[in-house]
Amino acid sequence: MTIGTNLLLARYADCAFWLGRYVERAESLARILDVNLHFSRDSRGSQNWRSIVQLNADEERFDKAYDVASYANVVHFYALDRDNPTSIISAIRAAKENARSLRPMISTEMWSHLNVFNNLMNALTPDDLKPSELSRVCAFIKEECQTHTGITEGTFFRDQSWFFYLIGRQVERADQTTRLLDIKYHLLLPADQRVGSPVDVSQWNALLRSVAGYHAFRRVHPRGMSPKQVATFLLFNMSFPRSIALCLSEIDGHLHHLKAGFGLRAGNVSMELLDEARAALAGHNQDSVVQFGLHEFSDYLQRQLIAITAAVRQEFCGVVPDSDAD
């Protein structure tokens, strides 16, 4: 393989990685906004919209643009604010640009769908984000992201680029779950006398719905719900697609396939970092995680995911990123 071909593969690998991340990010944000509108209410019926800003570590950027974390400001910031690189409209625009670079590698259906999706996002206005309309818009975004996933599953050629796409998607899923668990667990954990109250249960339902995990959780726990059960499910369950354990396991499988199936020699640092994260997860159970500190453990996992992202991009793509997100 010539140097030029290696450089070309590296460019495609990085674009495929970020294509997977950006579409997954857009779907996650749409779900979080919708869930916060309908399910995340305290005993007085009010909602904490700033928790979404905290979830994405966007406090500094948000506070420069808006005076208060109201419904209108937070929803606009994360749905249609083109100046916010973590907004849904920015994620879909970035996904389209990465797909443009991958145009020789992806199907016409993939490219056409992302183009139409991007145009539909650009056509949305602030009037579409009114409380009475937000669920419809979020449903549209989730459906378009899921349509992309289906088209990609059915048409993306299974070469190296496919596996970098999958790695990006799983890294984003794991990152979103750790952030939700870290922020929401502490915001929603009530005083002892309120544990098990109707408000408490509805809030834990909201956390699970934010990762599309409520019905899956009920398969494991048909009755009752506790903070420890929710945390354990999102961390360790190997049958739930957005659990940390399953995401890390699938990333590991994709990296092994790249090395064994395609003979790529890079990836040793990435796999070592991934092994460390999986070993840390395997060394805990529901009791030890709580004793260790869920915040500390979630923070460790987030930092490992950042390090894994940096290592994958450096080893396979020749890129030294400034952070874990473009």
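The values are calculated or read from the model by the stated rules, or taken from the named source; none is laboratory data. Computed from a predicted structure; not experimentally measured. Here the Cβ positions follow ideal geometry from the backbone for every residue, glycine too, while neighbour counts run over all protein chains shown. Ligands, DNA and RNA are excluded from the accessible area calculation, which covers all protein heavy atoms including side chains. Shrake-Rupley method; radii C 1.70, N 1.55, O 1.52, S 1.80 Å.
Residues N84, N118, N98: which one is in contact (Cβ under 8 Å) with a residue 60 or more places away in the chain and either of a type in the set (S, T, Y) or open to solvent by less than 30 Å² (accessible area, probe 1.4 Å) (or both)?
So the residue among N84, N118, N98 that is in contact (Cβ under 8 Å) with a residue 60 or more places away in the chain and either of a type in the set (S, T, Y) or open to solvent by less than 30 Å² (accessible area, probe 1.4 Å) (or both) is N98.
I'd like to verify a number: residues in the range 267-316 that are of a type outside the set (D, E), touching a residue at least 60 places away in the same chain (Cβ under 8 Å) and within 22 Å of T86 (Cβ to Cβ), how many?
The total comes to 9.
Looking at G293, is it at pLDDT below 85 and not basic (K, R)?
yes
Might you let me know whether the range 103-110 holds any residue that is part of a helix (DSSP H, G or I) and touching a helix residue (DSSP H, G or I) at 6+ places or on another chain (Cβ under 7 Å)?
Looking for residues that are part of a helix (DSSP H, G or I) and touching a helix residue (DSSP H, G or I) at 6+ places or on another chain (Cβ under 7 Å), one finds at least one in the range 103-110, hence yes.
Taking only the range 212-263 into account, find how many residues are outside any helix (DSSP H, G or I), in contact with a helix residue (DSSP H, G or I) (Cβ under 6 Å, 6 or more places away or on another chain) and closer than 15 Å to S202 by Cα.
Counting residues in the range 212-263 that are outside any helix (DSSP H, G or I), in contact with a helix residue (DSSP H, G or I) (Cβ under 6 Å, 6 or more places away or on another chain) and closer than 15 Å to S202 by Cα gives 1.
Go through (1) open to solvent by 50 Å² or more (accessible area, probe 1.4 Å); (2) at pLDDT 95 or above; (3) part of a helix (DSSP H, G or I) and name the single condition H186 misses.
The number of the failed condition is (2).
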